[in-house]
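As structure tokens, the structure follows; a few thoughts come after it.
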Amino acid sequence: MSRTEPDRWPEYLNFFDTLPQYTGLSERTLRNLAKEPGFPIVRVGRRVLVPRAAFDTWMLARSAPRPEPASLLTLIRDSRPARRDKA
């Protein structure tokens, strides 16, 4: 199953089986993420399920936008000491 085809994935992902395949993350990484507040998890008897839509929303909400890299000229300008005007 391709992650880019959302209709092929079940609405609820099995935490230990389907979720690692869906995310490409290891079970250990997912266990650490599951400890974070707001992680969407549903327990049904002995089964541990994650609603796919809620997981996607949770992951998007916790991913911060990356700053744009500074240009080389900006880095050079900011690293120079301030010039004193001659009076």
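Derivation of every value follows stated rules applied to the coordinates shown; laboratory data play no part. Computed from a prediction, not measured in an experiment: that's the story for all the values here.
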Starting from the Cα-Cα distance between Asp56 and Arg8, subtract it from 0.36 nm times their residue separation and give me the gain in nm to one decimal. 15.8 nm
Expected vector for region 24-39, Karplus 3J(HN,Hα) from phi with 6.51, -1.76, 1.60 and θ = phi - 60°, integer Hz, x for Gly and Pro, equals x, 9, 6, 4, 4, 4, 5, 5, 5, 5, 5, 7, 6, x, x, 4
Residues meeting the amide H criterion for Leu13 (H placed from the backbone, H to H distance under 5 Å, 5 or more places apart or on another chain) are Val50, Arg52
